[in-house]
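Each remark here refers to the structure printed beneath this line.
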Amino acid sequence: MSRKLIVEADGGSRGNPGPAGYGAVVRDALTGEVLAETAEAIGKATNNVAEYRGLIAGLTAAASIDPHARVDVRMDSKLVVEQMSGRWKIKHPDMIPLATRARRLAETLGSVSYAWIPRNRNAHADRLANEAMDAAARGEEWTPSAPPEPEPPPVPPSTTPTTTVLLRHGETPLSVEKRFAGVGDVPLTSTGLAQARAAALALKDRGLDAIVTSPLARCRDTAAEVAAVTGLDVRVEDGFRETDFGAWEGLTFAEAGDRNPAELRAWLADPEAAPPGGESFAAASRRVRTALDKLKVRARHQTVLVVSHVTPIKLLVRDALGAPMPAIYRMHLDVASLTTIDWYDDGPATLRTFNDAHHTAR
């Protein structure tokens, strides 16, 4: 019997069209073992062109492993999956030669089927594609990064979620004055410390199994108050740190607008735009998603307190709701507020509470 392989592929561009790249992974369908991975920065192109290029690269890699293999292709591009399955017509002239090339590759294999999957189940290929896009934006070729940690074996679906209780740190001098507070290590105010203690009392009987915190002092000090009443250890996870606001650290919106008006307008309009010398929300989202994936493996089916910041918590809420990235601009989070999300093994998530700050009013 011929071997069965899984191809996961993705592609994208910064700007559509813009600096583009693709990534593809080939797995053994039985064991989930990664047999090949590939990515490429392809210069300026559209998202759809990059997605097709990822599919072609994945099929090529699968054919090199076993030319007679039965291949399941999994992508988060509805367009590519529907077109390659024959359910949608291909009208765009840029797509026709790419689809033809992919079909010819598929014809050389034992069989090829196509299935759409949500982006969070295509994380490996998505990471490779983003690395390639970053390289394209720099005018460079993609080179492999350090090998990722071994991926856990697939787990069966379950009705028991992994629950994250997301606690924003207490008040700081910068939050009082509504200033950008990113990776600078600002302390809690006396009010912020009292808020952290109030949150700790509210969490005392929530059945927490673990505490994870951003490495920044305002979160570590908030987490320490919860640890004191629960007896739990605190583990630091760098992925849950705040966005790096670069040159705007410590400034108000008005001050940032006076210094960099064009950059601030771009940042407010485009999650891919970064403050001068800082980090975009899109880049922060990839970092936070990786931290969440690690947490869900390490603390599967447990209730974990994550002490973090405004942006990472908003990004996790957006991810749970499947909302578009601009949704983060429509959320408000109070200091020391609690937000609870249930994450299920088979993909869906449920937002149970959002911005609960009743304990700070005591």
- Across the stretch 96-111, the tally of residues that are touching a helix residue (DSSP H, G or I) at 6+ places or on another chain (Cβ under 9 Å), assigned to a helix (DSSP H, G or I) and open to solvent by less than 70 Å² (accessible area, probe 1.4 Å) stands at 5
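How many residues does the stretch 156-187 contain that are assigned to a loop (DSSP other than H, G, I, E, B) and either of a type in the set (Val, Ile, Thr) or under 22 Å from Thr339 (Cβ atoms) (or both)? It would help to see each step written out before you state the result.
Step one: list which residues in the stretch 156-187 are assigned to a loop (DSSP other than H, G, I, E, B), which gives 156-161, 169-172, 177-187.
Next, from what is left, pick out any that are either of a type in the set (Val, Ile, Thr) or under 22 Å from Thr339 (Cβ atoms) (or both): 159-161, 169-172, 178, 180-183, 186.
Summing the residues that are assigned to a loop (DSSP other than H, G, I, E, B) and either of a type in the set (Val, Ile, Thr) or under 22 Å from Thr339 (Cβ atoms) (or both) in the stretch 156-187 gives 13.
For the stretch 264-274: of the residues being without any contact (Cβ under 8 Å) to a residue 24 or more places away in the chain and part of a helix (DSSP H, G or I), which is most open to solvent (accessible area, probe 1.4 Å)? Steps first, please.
Start the filter on the stretch 264-274 by keeping residues that are without any contact (Cβ under 8 Å) to a residue 24 or more places away in the chain, which leaves 264-267, 269-270, 273.
From what's left, part of a helix (DSSP H, G or I): 264-267, 269.
Details: Leu264: 18, Arg265: 155, Ala266: 44, Trp267: 12, Ala269: 80 Å².
Filtering first and then ranking leaves Arg265.
For Pro312, are the conditions met, namely being loosely packed, with under 13 Cβ neighbours inside 10 Å, within 15 Å of the chain's Cα centre (by Cα) and not polar (S, T, N, Q)? Let's see the steps before the verdict.
Details: loosely packed, with under 13 Cβ neighbours inside 10 Å: no; within 15 Å of the chain's Cα centre (by Cα): yes; not polar (S, T, N, Q): yes.
Judged against the criteria, Pro312 is not a match.
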- Message: Residues that are part of a loop (DSSP other than H, G, I, E, B), touching a Ser or Thr at 6+ places or on another chain (Cβ under 9 Å), hydroxyl-bearing (Ser, Thr, Tyr) and farther than 23 Å from Val234 by Cα: does the stretch 280-290 have at least one?
- Response: yes
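Quick check, is Tyr114 farther than 24 Å from Asp293 by Cβ, open to solvent by less than 20 Å² (accessible area, probe 1.4 Å), in contact with a strand residue (DSSP E or B) (Cβ under 8 Å, 6 or more places away or on another chain) and not aliphatic (A, V, I, L, M)?
Numbers: farther than 24 Å from Asp293 by Cβ: yes; open to solvent by less than 20 Å² (accessible area, probe 1.4 Å): no; in contact with a strand residue (DSSP E or B) (Cβ under 8 Å, 6 or more places away or on another chain): yes; not aliphatic (A, V, I, L, M): yes.
Answer is no for this residue.
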- Restricting to the stretch 73-89, what's the tally of residues that are assigned to a strand (DSSP E or B) and either modelled with pLDDT under 95 or of a type in the set (A, V, I, L, M) (or both)? 2
- Selection from the stretch 6-31 of residues at pLDDT below 90 and buried (at least 19 other Cβ atoms within 10 Å of the Cβ) yields Arg14
- Note on the structure: In the stretch 333-356, anything within 23 Å of Thr172 (Cα to Cα), assigned to a loop (DSSP other than H, G, I, E, B) and either modelled with pLDDT under 95 or among the charged types (D, E, K, R) (or both) is listed as Asp334
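With respect to Ile65, determine if the residue is modelled with pLDDT under 95, within 24 Å of Pro17 (Cα to Cα), open to solvent by less than 60 Å² (accessible area, probe 1.4 Å) and out of contact with any Pro (no Cβ under 7 Å at 6 or more places or on another chain).
On the way: modelled with pLDDT under 95: yes; within 24 Å of Pro17 (Cα to Cα): no; open to solvent by less than 60 Å² (accessible area, probe 1.4 Å): yes; out of contact with any Pro (no Cβ under 7 Å at 6 or more places or on another chain): yes.
Spelling it out, it is not the case that Ile65 is modelled with pLDDT under 95, within 24 Å of Pro17 (Cα to Cα), open to solvent by less than 60 Å² (accessible area, probe 1.4 Å) and out of contact with any Pro (no Cβ under 7 Å at 6 or more places or on another chain).
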- If you go through the stretch 195-210, how many residues are open to solvent by less than 30 Å² (accessible area, probe 1.4 Å) and either part of a loop (DSSP other than H, G, I, E, B) or at pLDDT below 95 (or both)? 1
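Filter the stretch 216-241 down to the residues that are assigned to a helix (DSSP H, G or I) and either at positive phi or among the basic types (Lys, Arg) (or both) and list them by number. Lay out the reasoning, then the answer.
Just the residues of the stretch 216-241 that are assigned to a helix (DSSP H, G or I), to begin with: 217-230, 238-240.
If the condition is that a residue be assigned to a helix (DSSP H, G or I) and either at positive phi or among the basic types (Lys, Arg) (or both), then Arg218, Arg220 are the ones that fit.
Go through the stretch 333-352 and give me each residue that's in contact (Cβ under 8 Å) with a residue 12 or more places away in the chain, over 17 Å from Gly182 (Cα atoms) and not hydroxyl-bearing (Ser, Thr, Tyr).
Going residue by residue through the stretch 333-352, those that are in contact (Cβ under 8 Å) with a residue 12 or more places away in the chain are 333-347, 349-352.
Filter once more, so that each one left must be over 17 Å from Gly182 (Cα atoms): 337-347, 349-352.
Result: Leu338, Ile341, Asp342, Trp343, Asp345, Asp346, Gly347, Ala349, Leu351, Arg352.
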- Task: Could you pull out the residue among Gly192, Gly277, Gly250 that is open to solvent by less than 40 Å² (accessible area, probe 1.4 Å), touching a helix residue (DSSP H, G or I) at 6+ places or on another chain (Cβ under 9 Å), farther than 28 Å from Thr163 by Cα and in contact (Cβ under 8 Å) with a residue 24 or more places away in the chain?
- Result: Gly250
- Which residue pairs have Cβ atoms under 8 Å apart, sit 6 or more places apart or on different chains, and have a first residue in the stretch 64-83 that is without any contact (Cβ under 8 Å) to a residue 60 or more places away in the chain and a second that is assigned to a loop (DSSP other than H, G, I, E, B)? Pro67/Leu109; Leu79/Trp88; Glu82/Trp88; Gln83/Lys89; Gln83/Ile90
- Which one of these is open to solvent by 10 Å² or more (accessible area, probe 1.4 Å) and assigned to a helix (DSSP H, G or I): Ala256, Ala327? Ala327
- Query: Which one is farthest from Lys4 (Cα to Cα), of the residues in the stretch 32-60 that are out of contact with any Asp or Glu (no Cβ under 6 Å at 6 or more places or on another chain), open to solvent by less than 20 Å² (accessible area, probe 1.4 Å) and assigned to a helix (DSSP H, G or I)?
  - Reply: Ala50
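The values are calculated or read from the model by the stated rules, or taken from the named source; none is laboratory data. Everything numeric here is computed off the predicted structure, so don't read it as measured data. Backbone-built Cβ (ideal geometry, glycine too); neighbour counts: all protein chains shown. For accessibility, only protein heavy atoms count, side chains too; no ligands or nucleic acids. Shrake-Rupley method; radii C 1.70, N 1.55, O 1.52, S 1.80 Å.
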